[in-house]
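Only one structure is covered here, and it is reproduced in the block below.
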Amino acid sequence: MSLLLDKVSYNYPGSTHGLHEVSLDVRTGELVAVIGPSGSGKSTLLKLVAGLETGHTGRIVLGGEDMSRTPVHQRHIGMVFQSYALFPHLSVRDNVAYGLQLRKVGTAERRRRAQELLDIVGLGAYAQRAVAQLSGGQQQRVALARALAIDPRALLLDEPLSALDASVRGHLRDQIRSIQQRFDATTLLVTHDQEEALVMADRVAMLKDGRLLQIATPREIYEHPASRAVAEFVGLSTILPARVSGTDRIDLGFAELAAPTGTRATGASVHVLVRPEHIAPDPAPDAVNRLAGRTGAQRYLGALTRYDFEVAGAPKPFLAESALPAGEAIAIAPEHLRLLDH
């Protein structure tokens, strides 16, 4: 059951916020994570797919059927909200079975299906409890079971882990991903957590100002961002202005480095992206792209140390990380420099 957004635009009344000709496809069984800064249109996109917002242009197609004018209760889409949206007056099992009750499924079948889903999410023994007796992570699993109980045509996850402690999020995101794959559920995940998107998604879509900037695999969007805006948002990095000074050479003003310039003309303005894990500390004196300087602020993170490396004339420090102490020079292999045209 594939999901397609075809040039979807939407504007809130009296506001410039919304979506601008967003085209996005989610393949059958795929999980696509939608990321972007606040106000980029992530939640709007999810609401339009669910039918909670209407009045857009373009098409929303689910399983080959245009759902653009279909009422929310007829779209057969499961949604897990950031706030869980569970019913406090119902038991855990009755919460899971609620959507089946609305669809006039018989009592015995509702209970069987609800219990089956609770067993799958590891909460079978909690069926009779009140939801208020559950932890946040357990409530989120109940919300997921409820969304899956109706055998949805698509699954929408709206910041599903943001309200949970960091110690719970890692385990639960793995559980959600495993269950999503087990059900082969076509899924859109909206999240502000980059790590969550990179770990869980088959592909990641980035929005900014209501426009889709890039959709790619987690590795591609991290290692080959399409623009400076994507590079700045996804992962930690150092981004500096530069000029192409010749074939496979760039001039940063304070240093000239070897870098793959492709077909760019000499004199072209670019930005160069360096990820912290690609900076080598204490290189040999004859290393390619060796930069002398000094170590600034250091941040101990357990498995590694992240630090600023200051080079004379550079507009800002290079952000580096290594399990080794930093010395008085760094090096960056040419293949690890990414040039961004905009």
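The values are calculated or read from the model by the stated rules, or taken from the named source; none is laboratory data. Since the model is a prediction, treat every value here as computed from it, not as a measurement. Reconstructed Cβ throughout: ideal geometry from the backbone, glycine too, with neighbour counts over all protein chains shown.
Scanning the stretch 302-342 for residues that are more than 18 Å from Asn289 (Cα to Cα), outside any loop (DSSP other than H, G, I, E, B) and either touching a Cys at 6+ places or on another chain (Cβ under 7 Å) or without any contact (Cβ under 8 Å) to a residue 24 or more places away in the chain (or both) gives Thr305, Tyr307. Scanning the stretch 178-207 for residues that are of a type outside the set (Ser, Thr, Tyr), more than 13 Å from the chain's Cα centre (by Cα) and on the phi < 0 side of the Ramachandran plot, we see that the one that is surrounded by the fewest Cβ atoms within 10 Å (Cβ to Cβ) is Arg182. Within the stretch 245-297, restricting attention to residues that are under 34 Å from the mean Cα position of the chain (by Cα), surrounded by 14 or more Cβ atoms within 10 Å (Cβ to Cβ) and polar (S, T, N, Q), the residue that is farthest from Gly313 (Cα to Cα) is Thr261. Scanning the stretch 249-301 for residues that are charged (D, E, K, R), in contact (Cβ under 8 Å) with a residue 12 or more places away in the chain and on the phi < 0 side of the Ramachandran plot turns up Arg249, Arg264, Arg275, Glu277, Arg290, Arg294.
State all residues of the stretch 23-46 that are in contact with a Phe, Trp or Tyr (Cβ under 9 Å, 6 or more places away or on another chain) and either surrounded by 20 or more Cβ atoms within 10 Å (Cβ to Cβ) or closer than 12 Å to Leu4 by Cα (or both); if no residue qualifies, say none. If the condition is that a residue be in contact with a Phe, Trp or Tyr (Cβ under 9 Å, 6 or more places away or on another chain) and either surrounded by 20 or more Cβ atoms within 10 Å (Cβ to Cβ) or closer than 12 Å to Leu4 by Cα (or both), then Ile35, Gly36, Gly41, Thr44, Leu45 are the ones that fit. Against the conditions (1) part of a strand (DSSP E or B); (2) touching a residue at least 60 places away in the same chain (Cβ under 8 Å); (3) surrounded by fewer than 16 Cβ atoms within 10 Å (Cβ to Cβ), Ala242 satisfies every one except (3). When each of Val270, Val288, Val274 is tested for being under 23 Å from Glu223 (Cβ atoms), modelled with pLDDT of 95 or more and in contact with a Phe, Trp or Tyr (Cβ under 7 Å, 6 or more places away or on another chain), the lone residue that passes is Val274.
Identify all residues within the stretch 164-189 that are touching a Gly at 6+ places or on another chain (Cβ under 9 Å) and either among the charged types (D, E, K, R) or not in a helix (DSSP H, G or I) (or both); write none if there are none.
Answer for the stretch 164-189, where residues must be touching a Gly at 6+ places or on another chain (Cβ under 9 Å) and either among the charged types (D, E, K, R) or not in a helix (DSSP H, G or I) (or both): Leu164, Asp165, Arg169, Phe183, Asp184, Ala185, Thr186, Thr187.
In the set Pro152, Pro160, Pro88, only one residue is surrounded by fewer than 16 Cβ atoms within 10 Å (Cβ to Cβ) and either assigned to a helix (DSSP H, G or I) or assigned by TED's automatic domain parsing to the domain that holds Ile60 (or both); that residue is Pro88.
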